[in-house]
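Notes to accompany the following structure.
The values are calculated or read from the model by the stated rules, or taken from the named source; none is laboratory data. Being a predicted model, the structure only gives us computed values, none of them experimental. Here the Cβ positions follow ideal geometry from the backbone for every residue, glycine too, while neighbour counts run over all protein chains shown. Protein only, heavy atoms only, side chains kept; ligands, DNA and RNA dropped before computing areas. Shrake-Rupley method; radii C 1.70, N 1.55, O 1.52, S 1.80 Å.
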Amino acid sequence: MAVPLVFFGLFFAYPVAAIVGRGLKTQDGWQFGRIGEVLTQPDIADVLWFTTWQALASTVLTLVIALPGAYVFARFEFPGKQLLRAVVTVPFVLPTVVVGTAFLALVGRGGLLDEVWGVRLDTTVWAILLAHVFFNYAVIVRTVGGLWAQLDPRQEEAARVLGAGRFAAWRRVTLPALAPSVAAASLMVFLFTFSSFGVVQILGGPAYSTLEVEVYRQTAQLLDLPTAAVLTLVQFAAVGMILAVHAWTVRKRETALRLVDPGRTAHPPRGWAQRSLLGGVLLTVALLIVAPLAVLVERSLDAPGGYGFGFYRALQDAGAGGGTFLVPPLEAIWNSLQYALAATAIALLIGGLAAAALTRRAGRFVRGFDALLMLPLGVSAVTVGFGFLITLDEPPLDLRTSWILVPLAQALVGVPFVVRTMLPVLRAVDARLREAAAVLGASPLRAWREVDLPLVRRALLIAAGFAFAVSLGEFGATVFIARPDRPTLPVAVARLLGRAGEMNYGQAMALSTILMLVCAVSLLVLERLRPDKTSGEF
Amino acid sequence: MSTTKKIAGAALAAAIGVTTLSACGGGDAKDKPAGASDAPKSKTVTLVSHDSFNVTDTVLKEFEQQSGYTVKVLKSGDAGAALNQEILTKGSPRGDVFFGVDNTLLSRALDNGIFTPYEAKGLGEVKPEYVLDKEHRVTPVDSGDICVNYDKQYFADKKLAPPQTLDDLIKPEYKNLLVTENAATSSPGLGFLLASVGKYGEDGWKDYWSKLKANGVEVVDGWEQAYNERFSGSAGGKKAKGDRPLVVSYASSPPVEVLYGEPKPAEAPTGVSTGTCFRQVEFAGLLKGAKNEEGGKALLDFLVSKKFQEDMPLQMFVNPVVKDAKLPELFTQHGVVIEKPENVAPQTIAKNRDQWVKAWSSLVVK
């Protein structure tokens with residue numbers, strides 16, 4: 001527990017507290033009066049209201065659309081499942097500028113919907129909500145589906161043998177088992193949509209603004225630190241409240257589960273009901289996720305003089321960006337992979353230790369710690385980035401120009417995923433198994449290795465996948481830190497998009513497509529890495 | 001353990017010292033004593049800038065060879081964010097020189113006192129109208145004009161003359177054609193707002209924007225969306241089926257469309273409405289608390305040298321500020337010279353910027 005605490009203290013709590021303090025403290029002492037002043041501004045009240053309701057709506061919509069997906073991915077066996085699971089995670093890593101663009105091509109003016117039915121969503125809040133589903137589909141499918149696949153279906157069958165109806169059996173047996181992970185996943189989706197930045201900026205236009213957008217504007221553009229500080233505190237409070245609700249629901253429902261190998265629970269769909277469910281989910285995924293991605297690929301190939309790889313070839317050339325890059329943009333792939341690997345390792349270490357600590361101990365202090373770990377998801381990247389600048393400026397911690405700052409910042413966002421994915425599984429491990437091991441003379445470490453590890457291995461890999469994807473796609477904090485000679489993929493895309501001209505635009509699309517492929521391939525590799533191939537599900 | 005680390009560190013330092021020394025070549029030994037221990041510190045000069053900073057590799061290498069310094073560049077975010085980071089780290093800067101504060105933000109930088117005065121060698125060659133700070137806390141490096149761009153094809157097809165002035169933009173024949181950026185979050189957006197302030201005054205601009213709104217101006221958040229998505233004249237906009245033939249961009253955007261066209265078109269697909277422009281001037285300055293002041297001064301001299309000034313247009317798509325710097329053919333052929341851009345004094349901007357932006361937001365966006 002000490003390691004995660006120190007990590008968070010040093011790289012999160014301290015920088016954020018420092019920047020908030022800078023905003024609220026003047027020579028005359030603390031200015032808490034500012035809080036009331038800012039909150040009573042009508043603009044800010046509007047922002048708060050919009051932020052909250054769009055996040056709620058997005059979360060509900062995502063659950064409605066993605067839960068059937070989670071079920072299908074957990075229980076059905078069908079060709080291309082592994083690939084598709086990687087594909088739905090791809091939106092997660094893509095720069096929002098790029099995806100927003102692709103999304104507009106479908107739902108905006110002259111888009112698919114417009115041409116077929118004359119429906120345009122680009123000026124409505126529906127575009128924002130759908131884009132949020134697009135981005136967060138994977139959160140539900142991977143966290144809920146991951147656990148669902150390991151629930152023993154025989155328990156439900158047993159209940160039905162004992163006379164329960166299909167729905168009653170599901171409600172009494174499966175739902176309680178799933179509830180913690182549904183709650184955890186919804187919480188993540190809520191946090192993501194609550195702190196939504198790029199999607200709202202691009203699809204909502206300047207008329208809609210979330211807290212996160214406002215914090216960015218106040219900090220990076222206006223340097224109005226007092227207002228930014230107040231808004232950051234408001235985000236803290238909101239996240240705290242969400243976490244409190246979440247902790248309450250989880251504690252009510254938590255039970256030790258009988259987890260089984262996912263390979264044994266999945267089967268090919270049987271009967272028309274299951275087949276049409278599968279078909280429906282596949283259609284949803286095709287329309288909502290694959291179609292926008294396809295637009296991107298199409299644009300990256302739409303080179304002058306016919307379709308081809310012209311833009312991709314140009315990426316190998318440092319001069320092609322007109323000096324936008326000191327190195328060929330292609331090298332950004334290698335940079336991104338290195339950063340993401342380092343960040344994943346840090347996130348797994350810190351998150352794993354934290355999750356283990358959280359399962360073993362209880363009490364108010366631990367719950368507080370649990371909340372602290374989630375806070376980075378609810379705090380804007382610009383706050384963290386600017387906090388780094390004013391705190392990590394003295395040796396031995398003058399890390400402001402060091403490469404390590406990039407994976408550190410990325411790991412901050414990855415850790416909550418690791419903790420959230422692993423906790424439900426770890427908590428569900430029957431403590432009696434550990435006790436039995438201890439009674440038989442195993443050391444705590446050995447007990448962990450023999451009892452917990454085999455059971456959580458899958459959760460660990462899912463967590464690693466998330467942490468990796470988050471790191472690969474992280475832009476907000478990285479853009480302040482990334483060294484120009486070593487841009488990451490999203491930073492490189494943003495640089496290319498910042499310039500006029502066909503070659504730059506095309507290269508940005510090509511690089512985004514590569515980012516997408518790198519992500520999908522990495523996730524596939526990660527899933528293949530599972531140690532016991534024989535009992536694997538494929 | 002720690003001793004081995006120290007030894008390794010010293011070895012590394014020595015190695016770096018040796019390589020930088022050998023890189024300087026003969027003849028050019030500057031006044032510094034060649035002590036290996038302090039070599040890495042005094043031989044590196046760090047330039048902090050925004051994402052748009054660029055220089056041709058060979059030009060930079062030449063400076064490094066002549067001065068004996070190794071240049072390290074740190075880019076951090078857009079122009080506003082980069083400057084704000086410097087203000088936050090005042091006294092303990094990440095680098096020696098900051099490049100990228102423009103006239104819309106100049107007062108913020110000067111009021112916060114982040115720069116040490118230094119009169120760059122070669123400042124005499126800089127056009128005097130750009131030397132806005134008499135104490136030389138900042139040195140002008142480039143200028144660029146924010147102007148409405150138009151889609152030539154669209155106006156040719158419609159047999160309609162493209163608008164040339166701000167007044168034209170509120171005429172009925174140009175209804176629903178213009179897309180601009182959010183003045184609160186985008187620097188071209190702010191520049192266009194300031195152009196209207198320059199032209200119609202501190203009282204008249206609101207009236208102008210009411211008319212512009214009535215004439216169907218569309219506001220999006222950033223330049224990327226406006227230019228690559230909504231504007232029908234750009235390469236990106238064509239692919240995204242953009243339908244706005246007028247966009248707020250830069251006077252240098254048409255040459256860029258030519259440069260990155262594939263194959264390069266004989267003529268730029270877009271044009272510039274010359275009576276809609278606001279001139280941005282970008283400055284650099286020596287940071288207070290710089291670890292390498294001497295190197296920083298040399299770097300500032302380099303930024304106003306003819307070599308750098310003539311390299312700049314094709315790297316950052318801005319204009320030189322030095323009197324006799326030659327423009328590349330691409331600019332002379334496809335670019336336009338803006339004779340009379342609108343202007344607002346930096347002090348006036350500083351005093352009113354936030355209030356103007358706020359008023360603009362409630363008038364145009366809400």
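With a sphere of radius 15 Å drawn around the Cβ of B:R137, what net charge do the other residues whose Cβ falls strictly inside it have (Lys, Arg +1; Asp, Glu -1)? Provide the component values of the computation, followed by the final result.
Values: positive: B:K90, B:R108, B:K134, B:K288, B:K297; negative: B:E86, B:D96, B:D102, B:D111, B:E119, B:D133, B:E135, B:E282, B:E293.
With Lys, Arg at +1 and Asp, Glu at -1, the neighbours total -4.
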### Task
Run the numbers on the stretch B:285-366 and let me know its relative contact order in percent, using alpha-carbon pairs under 8 Å that are six or more apart.
14
### Task
Please give every one of the lysines within straight-line cross-link reach of B:K213, meaning a C-alpha to C-alpha distance under 19 Å, and leave out same-chain neighbours fewer than 8 residues apart.
B:K171, B:K175, B:K199, B:K358, B:K366
### Residue with peak Gaussian network fluctuation, chain B [Cα springs, cutoff 10 Å], from B:D133, B:D157, B:D354
B:D157
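In square angstrom, what is the accessible area per residue of chain A with a 1.4 angstrom probe?
Details: 20930 Å² over 538 residues.
Result: 39 Å² per residue.
Taking the alpha carbon gyration tensor of chain B, what are the square roots of 5 times its eigenvalues, largest first, to the nearest whole Å?
On the way: eigenvalues 354, 101, 68 Å².
Whole-Å semi-axes of the equivalent ellipsoid: 42, 22, 18.
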### Query
Relative to the longest principal axis of chain B, what angle (0 to 90°, nearest 10) does the C-alpha long axis of helix B:346-360 take?
50
### Per-residue mean of C-beta atoms belonging to partner chains within 10 Å, peptide B:223-235
5
### Query
What is the calculated FRET efficiency for B:E329 to A:L341, with r their C-beta to C-beta distance and R₀ = 45 Å, to the nearest 0.05?
0.45
### Task
Using Cα pairs closer than 8 Å and at least 6 residues apart in sequence, work out the relative contact order for chain B, in percent.
24
#### Entry: Where labels lie 7 Å past Cα in the beta-carbon direction, separation of B:L160 and B:N352 in nm
3.1
### Straight-distance crosslink candidates among lysines, where the alpha carbon sits under 24 Å from B:K72 and sequence neighbours closer than 8 are dropped
B:K30, B:K32, B:K41, B:K43, B:K61, B:K90, B:K121, B:K288, B:K291, B:K297, B:K306, B:K307
### Query
Between A:Q27 and B:D207, what is the label-to-label distance in nm when each label sits 7 Å out along the Cα-to-Cβ direction?
4.3
### Task
For chain B, set up a Gaussian network in which alpha carbons nearer than 10 Å are linked by springs, and say which option among B:A183, B:A109, B:A266 fluctuates the most.
B:A266
#### Entry: Axial C-alpha extent at least 20 Å, average Kyte-Doolittle at least 0.0 - helices from chain A (DSSP)
A:42-75, A:125-148, A:175-194, A:225-253, A:271-285, A:331-360, A:364-378, A:405-428, A:453-473, A:502-528
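Classify the stretch B:81-150 as rounded, prolate or oblate, taking a ≥ b ≥ c as the square roots of the eigenvalues of its Cα gyration tensor: rounded when a/c is under 1.5, otherwise prolate if a/b is larger than b/c and oblate if not. Write out the running numbers ahead of the final one.
Working: a/c = 2.12, a/b = 1.21, b/c = 1.75.
Judged from the Cα gyration tensor, the stretch B:81-150 comes out oblate (a/c at least 1.5, b/c at or above a/b).
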### Task
Pop out the carbon and sulfur fraction of the accessible area of chain A as a percent, whole number, probe 1.4 Å.
66
### Message
In chain A, if the dipole is taken from +1 on Lys/Arg beta carbons and -1 on Asp/Glu beta carbons about the Cα centre, which of A:F92, A:L353, A:G33 is farthest to the positive end?
### Response
A:L353
### Message
Roughly how far apart, in whole Å, are the Cα centres of the stretch A:487-519 and the stretch B:248-276?
### Response
21
### Task
Please go through the stretch B:297-366 and write out the GluC sites (Glu not before Pro) that DSSP classes as loop and that have at most 13 other C-beta atoms within 10 Å.
B:E339
### Summary
Across B:T185, B:T270, B:T89, the residue with the highest GNM fluctuation in chain B (Cα network, 10 Å cutoff) is B:T89
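Once every DSSP H run of n ≥ 4 in chain A is given -39500 (n - 2.57) and the sum is divided by its residues, what mean residue ellipticity at 222 nm do you get, rounded to the nearest 500 deg cm²/dmol? Don't skip to the answer; put the middle values down first.
On the way: 28 runs with 374 residues, N = 538.
The helix contribution divided over chain A gives -22000 deg cm²/dmol.
Please state the relative contact order of chain A as a whole percent: Cα pairs under 8 Å, 6+ residues apart?
Averaging sequence separation for qualifying contacts and normalising by length gives 24 percent for chain A.
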### Query
When we measure straight from the Cα of B:K241, which aspartates and glutamates land under 15 angstrom away, once same-chain ones fewer than 8 places off are left out?
A:D114, A:E115, A:D122, A:E298, A:D302, A:E502, B:D151, B:E224, B:E229
### Query
Mind ordering A:410-423, A:160-173 by average Cβ neighbours within 10 Å, highest first?
A:410-423, A:160-173
### Query
Efficiency by 1/(1 + (r/R0)^6): what FRET value for A:W248 and A:A13, r their Cβ-Cβ distance, R0 = 41 Å, to the nearest 0.05?
0.95
### Query
Over the protein assembly as shown, with a single point scatterer placed on each C-alpha, what log10 of the ratio I(q)/I(0) does the Debye formula yield at q = 0.04 1/Å?
-0.19
### Summary
Env charge @ A:R270, Cβ radius under 13 Å, K,R +1 / D,E -1, value +1
## Note on the structure
Sparse-neighbourhood loop hits (chymotrypsin sites (Phe, Trp or Tyr not before Pro), the stretch A:1-35; DSSP loop; Cβ within 10 Å at most 14 others) -> A:F32
### Task
Please find the FRET efficiency linking A:M241 to A:R360, where r is the Cβ-Cβ separation and R0 is fixed at 25 Å, and quote it to the nearest 0.05.
0.40
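Once the Cα gyration tensor of chain A is diagonalised, what are the square roots of 5 times its eigenvalues, in whole Å and ordered largest first, as equivalent ellipsoid semi-axes? Can you show the working numbers first?
Values: eigenvalues 250, 185, 115 Å².
So the three semi-axes of chain A are 35, 30, 24 Å.
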### Query
What is the local net charge at B:S186, summed over the other residues whose Cβ is closer than 12 Å to its Cβ (Lys, Arg +1; Asp, Glu -1)?
-3
### Message
Report the gain in length on full extension from A:L287 to A:L440: 0.36 nm times residue separation, minus Cα-Cα distance, nm rounded to one decimal.
### Response
49.6 nm
### Query
Roughly how many Å is it from the Cα centre of the stretch A:280-303 to that of the stretch B:313-366, as a whole number?
39
